[in-house]
Structure formats: C-alpha cells, structure tokens
Amino acid sequence: MTDELKLIMDEYLPLRDVVFNTLRDAILKGKIEPGERLMELHLAKKLGVSRTPIREAIRMLEQEGLAVTVPRKGAQVAKMSEKDLKDVLEIRDALDELAVKSACGKMTEENFEALAAAVADFETAIKGKDVRAIVEADEAFHNVIYQAADNPRLMTIVLNLKEQMYRYRYEYIKDNADYDTLLKEHQAIMDGLKRQDEAFVRDVMHTHLQNQVDGVREVIRRQGRTK
C-alpha cells in the first residue's frame with residue numbers, strides 16, 4: 001500500500017464518505033492493488049481517523065464491488081474477473097434495451113438539452129484529463145435516457161447496478177477508451193433518439209457497451225499476465 005494515501009477532504013461530506021472516496025480513488029488508481037488487505041487499524045492510523053469510518057467505508061466499497069470480505073483474512077480489494085464483467089454488463093445491456101424502448105418516443109426538449117450538457121461536460125473532462133469527471137459525464141448522459149423512460153422501478157435497478165459498474169467504466173475510460181469514438185457514439189445516440197429510431201439507438205448502445213466489455217477484458221487479462 002502506498003505511503004502517499006491521504007484523505008480527499010470535503011467539508012460537506014460525512015467523514016465515512018470522505019474515507020470512502022479516498023479509498024475508492026486509491027483502488028481505482030492502483031495505489032491499493034487487487035487482493036491487498038484493507039486492515040482497519042492500519043488504515044485508521046494512516047488516514048488519521050478512528051476505525052469506525054474506516055469500517056463504514058469498507059462496507060460501502062463492498063457494495064460497489066471494490067472490496068470483499070474473505071473468511072479468516074478480513075476485507076481486501078476485490079479482484080476483477082471476466083465472469084463478473086460479463087454478468088454485470090450483460091444485465092446493463094438488457095436494461096439499456098428496455099430503457100430505449102420506453103424513452104425513444106418520450107424524449108423532451110429538456111431531455112435533449114441535458115444530453116447535450118453531458119456531452120459538453122464529457123469534452124471538458126477529456127481536455128482536463130480528469131478520468132473521474134469523464135466517467136461521471138458518461139454516466140450522466142445515460143441517466144438522462146433512463147429518466148426519460150419514466151419507469152421508477154427500472155431507474156431503481158439501474159442505480160443499484162451503477163455501483164457495480166463504476167469500476168468497469170472507470171477502468172475502461174482510464175486505459176482503453178477511444179474518446180473520439182465515445183463522443184461519436186453519444187452524438188449518434190442523440191441523433192437516433194431525435195429521429196425516434198429505436199432499433200438504431202439500441203444497436204449503437206449495444207456497440208457502445210461491447211467496446212467497454214472488450215476494453216476492460218483486456219485490462220483484466222493484462223493484470224493476470226503481470227502477476
């Protein structure tokens with residue numbers, strides 16, 4: 001574990017969320033590696049906090065799929081597997097198809113403005129080389145479509161899955177994404193929605209997701225080869 005681990009302070013967040021964001025950031029950037037133990041006492045000492053927010057943050061990491069508790073060993077950073085990747089993104093693909101089917105004829109001018117704003121944020125984040133901001137802008141773009149579907153139960157499922165998808169989306173955008181292609185795909189999705197061309201949008205979103213699967217699969221295989 002790196003000695004450079006420091007709290008990412010935010011005066012508006014509870015301490016557990018500050019600790020969670022700090023640990024999540026360290027895991028996603030590879031400062032804490034897959035399989036590495038998350039020892040409460042050690043982390044508390046390193047971050048200068050009590051064990052309680054550490055324990056709470058680890059639970060949050062487990063909910064996001066970034067940590068697992070191993071019997072007799074305790075919590076550790078979760079390793080990515082191709083099976084987990086396939087399972088999560090297969091579900092997302094099915095949900096995308098359902099969302100497009102519901103949203104295609106319901107998109108409002110306000111929805112399209114929100115899509116355009118997300119694309120603008122995406123481009124700004126790319127120029128600033130801010131991976132987290134790129135991920136959040138990409139997520140915001142897709143959330144507009146889910147919200148337009150006007151199905152609260154669908155949105156609840158998507159939000160639950162979001163935590164499990166975050167790591168895969170981050171790994172893809174950090175190491176393997178072709179930003180020009182992502183921008184073109186977002187624009188194609190917007191254009192298809194404006195034409196109410198459900199089949200076209202569904203196909204573009206499927207390709208969009210498959211590119212992510214292929215990119216993250218390569219990350220997982222590369223990590224396996226370096227061990």
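The values are calculated or read from the model by the stated rules, or taken from the named source; none is laboratory data. Keep in mind the model is a prediction, meaning the values are calculated, not measured. No Cβ is skipped: glycine too gets one built from the backbone with ideal geometry, and neighbour counts run over all protein chains shown. All accessible areas refer to the heavy atoms of the entire protein, side chains included, with ligands and DNA or RNA removed. Shrake-Rupley method; radii C 1.70, N 1.55, O 1.52, S 1.80 Å.
Taking the condition among the polar types (S, T, N, Q), in contact (Cβ under 8 Å) with a residue 12 or more places away in the chain and within 21 Å of Ile91 (Cβ to Cβ), does Asn151 pass? Yes; evaluated as a whole, the condition is true for this residue. Considering each residue of segment 122-145 in turn, none proves to be hydrophobic (A, V, I, L, M, F, W, C), more than 17 Å from the chain's Cα centre (by Cα) and closer than 21 Å to Glu90 by Cβ.
Scanning segment 132-140 for residues that are at pLDDT 90 or above and farther than 26 Å from Glu64 by Cβ turns up nothing. Just to be sure I understand the filter: pairs with C-beta atoms under 8 Å, separated by 6 or more residues or on different chains, first member in segment 52-79 and at positive phi, second member of a type in the set (S, T, N, Q). Which pairs pass? Once the first residue is at positive phi and sits in segment 52-79, its partners that are of a type in the set (S, T, N, Q) give Gly65/Gln164.
So that you can scan it fast, the table gives a plain yes or no per residue for (1) surrounded by 13 or more Cβ atoms within 10 Å (Cβ to Cβ); (2) without any contact (Cβ under 8 Å) to a residue 60 or more places away in the chain; (3) not hydroxyl-bearing (Ser, Thr, Tyr):
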residue: Tyr170; (1), (2), (3): yes, no, no
residue: Ala177; (1), (2), (3): yes, yes, yes
residue: Leu183; (1), (2), (3): yes, no, yes
residue: Arg195; (1), (2), (3): no, yes, yes
residue: Val201; (1), (2), (3): yes, no, yes
residue: Met205; (1), (2), (3): yes, no, yes
residue: Gln212; (1), (2), (3): yes, no, yes
residue: Val216; (1), (2), (3): yes, no, yes
residue: Gly224; (1), (2), (3): no, yes, yes
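There is no residue in segment 9-16 that is touching a Leu at 6+ places or on another chain (Cβ under 8 Å) and touching a residue at least 24 places away in the same chain (Cβ under 8 Å). In segment 64-80 there is no residue that is touching a Lys or Arg at 6+ places or on another chain (Cβ under 6 Å) and charged (D, E, K, R). Considering segment 102-119, and only residues there that are modelled with pLDDT of 95 or more and exposed (fewer than 15 other Cβ atoms within 10 Å of the Cβ), the residue that is nearest to Lys162 (Cα to Cα) turns out to be Ala117. Got at least one residue in segment 3-24 being open to solvent by 40 Å² or more (accessible area, probe 1.4 Å) and of a type in the set (Phe, Trp, Tyr)? Checked segment 3-24: at least one residue is open to solvent by 40 Å² or more (accessible area, probe 1.4 Å) and of a type in the set (Phe, Trp, Tyr). Of the listed requirements (1) in a helix (DSSP H, G or I); (2) surrounded by fewer than 16 Cβ atoms within 10 Å (Cβ to Cβ); (3) in contact (Cβ under 8 Å) with a residue 40 or more places away in the chain, Leu159 misses just one: (3). In segment 45-61, is there at least one residue being open to solvent by 40 Å² or more (accessible area, probe 1.4 Å), among the aliphatic types (A, V, I, L, M) and under 15 Å from Arg167 (Cβ atoms)? Yes, segment 45-61 contains at least one residue that is open to solvent by 40 Å² or more (accessible area, probe 1.4 Å), among the aliphatic types (A, V, I, L, M) and under 15 Å from Arg167 (Cβ atoms).
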